[in-house]
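*Asks:* First the structure, then my questions, so here it is.
Please treat every number below as a calculation from the coordinates, not as lab data. Just so it is clear, the structure is predicted and the values come from calculations on it, not from any experiment. In this analysis, Cβ positions are derived from the backbone assuming ideal geometry, glycine residues included, and neighbour counts consider all displayed protein chains.
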Amino acid sequence: MFAQILLFLVTSIYTLTITVKNHGKIRHRHRTIGGFGIAMTIFVIFSAIYPILPFYSLGYLLGICLIHTFVLEGEKEDRREKLENLLQVEKIREAELGSARLMAYTDSLTGVKSKTAYQEDIIGIGKRIEDGILKDFAVAVFDVNGLKLVNDTKGHDEGDKVIKEACAIICKTFKHSPIYRIGGDEFVAFLMGEDFKHKTELVKAFDSQMEKNLTDKHVVVSCGFTEFEAGQDKSYPTVFSRADMKMYERKKQLKAL
């Protein structure tokens with residue numbers, strides 16, 4: 001009994017001494033533990049004086065209730081708040097990453113997909129070609145005619161307007177295809193689904209519109225188009241190169257006109 005009295009008393013004094021250095025909830029919890037030690041010291045003394053009465057058990061029951069109510073529950077609440085704060089921070093980080101990703105994958109001038117998005121997407125397309133999964137698609141490469149002349153004579157603001165107008169024409173024609181701006185006045189479209197089914201009509205309509213624009217002195221865009229040939233084309237760059245060559249041929253045709 002004497003050893004327990006000494007243990008509880010020393011622990012209480014030590015714990016209450018710590019409260020001087022602490023503040024807020026931590027001080028409150030140390031005071032609770034110190035108070036429990038003092039109460040147990042008293043109850044052990046009573047238990048030694050009156051061994052038949054259950055002072056020892058009552059002291060422990062009281063102490064457990066105090067520690068559970070004022071210490072353990074408080075720590076649980078603190079952990080819950082910290083967890084909520086961490087989750088909130090994580091949500092903010094996810095939102096920031098999503099926003100940054102959207103900005104990186106969207107061309108700021110035209111609103112279509114950026115060169116970064118294009119470079120990532122063609123990796124997936126190349127893998128699907130290697131695996132034999134992707135068979136029905138076509139590539140259209142576009143280049144704006146006369147943009148350098150506009151920039152040199154009217155300024156880059158007017159040149160940006162030409163780029164945006166050219167992009168709008170491409171998006172209007174190939175409305176079911178992802179469009180990428182991969183250079184200053186260069187665009188690429190992957191024709192799949194509905195646009196792939198009607199690829200011949202769409203390209204023909206686009207070329208006709210450009211010839212009309214040439215006559216009306218509106219924005220002119222050269223288009224090079226090619227279809228993926230399964231069994232012959234082993235990689236995406238092969239398809240792109242073929243479409244790019246056709247685009248330059250078309251540019252020469254339009255200049256001749």
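*Asks:* Using 0.36 nm times the number of residues separating residue 50 and residue 208, minus their current alpha carbon distance, what extension gain do you get?
*Replies:* My answer for the length gained is 46.0 nm.
*Asks:* Within the set 175/197; 172/255; 172/197; 115/252; 113/175, which residue pairs have Cα atoms separated by over 22 Å?
*Replies:* Cα-Cα > 22 Å for 172/255; 115/252; rest within.
*Asks:* Given points 7 Å out from each Cα along the Cα-Cβ axis, report the residue 86 to residue 218 separation in nanometres with one decimal.
*Replies:* The two pseudo-label positions are separated by 5.9 nm.
*Asks:* Report, by chain and number, residues whose modeled amide H sits under 5 Å from the one on residue 107, excluding near sequence neighbours (fewer than 5 apart, same chain).
*Replies:* Result for residue 107 returns 112, 113, 114.
*Asks:* Let me ask you something else. In nanometres, what is the gap between the two model label sites at residue 103 and residue 201, each 7 Å from Cα along Cα-to-Cβ?
*Replies:* 4.2
*Asks:* When Lys and Arg each count +1 and Asp and Glu each count -1, what net charge do the other residues less than 11 Å away from residue 111, Cβ to Cβ, add up to?
*Replies:* Every neighbour counted, the sum reads +2.
*Asks:* Run the numbers for residue 21 and residue 128: contour at 0.36 nm per residue of separation, minus the present Cα-Cα distance, in nm.
*Replies:* Contour length minus Cα-Cα distance gives 32.0 nm.
*Asks:* Answer with a single label: of (1) 1.53; (2) 1.28; (3) 0.95, which was calculated as Rg/Rh (Cα atoms, Kirkwood Rh) from the structure in view?
*Replies:* Structure-derived value, by its label: (1).
*Asks:* Hey, can you rank 185-191, 128-134 by average C-beta count inside 10 Å, highest first?
*Replies:* For the peptides 185-191, 128-134, the packing ranking is 185-191, 128-134.
*Asks:* Taking a spot 7 Å from the Cα of residue 257 along the direction of its beta carbon, which residues of region 205-228 have an amide N less than 17 Å from it?
*Replies:* 205-225
*Asks:* What's the angle, to the nearest 10 degrees (0 to 90), between helix 73-105's Cα axis and the longest principal axis of the chain?
*Replies:* 10
*Asks:* So, one more: With everything on Cα atoms, drop me the angle between helix 199-216 and the longest principal axis of the chain, reported from 0 to 90° to the nearest 10.
*Replies:* Relative to the chain, helix 199-216 is tipped by roughly 70 degrees.
*Asks:* Treating only the Cβ of Lys, Arg, Asp and Glu as charged (+1, +1, -1, -1), what charge dipole size does the chain show about its Cα centre? Round to the nearest 20 debye. Write out the running numbers ahead of the final one.
*Replies:* Details: 36 positive and 34 negative charges, 122 e Å.
Value, rounded to 20: 580 debye.
*Asks:* For the chain, what does -39500 (n - 2.57) per DSSP helix run (n ≥ 4), summed and divided by total residues, give at 222 nm, in deg cm²/dmol to the nearest 500?
*Replies:* -23000 deg cm²/dmol
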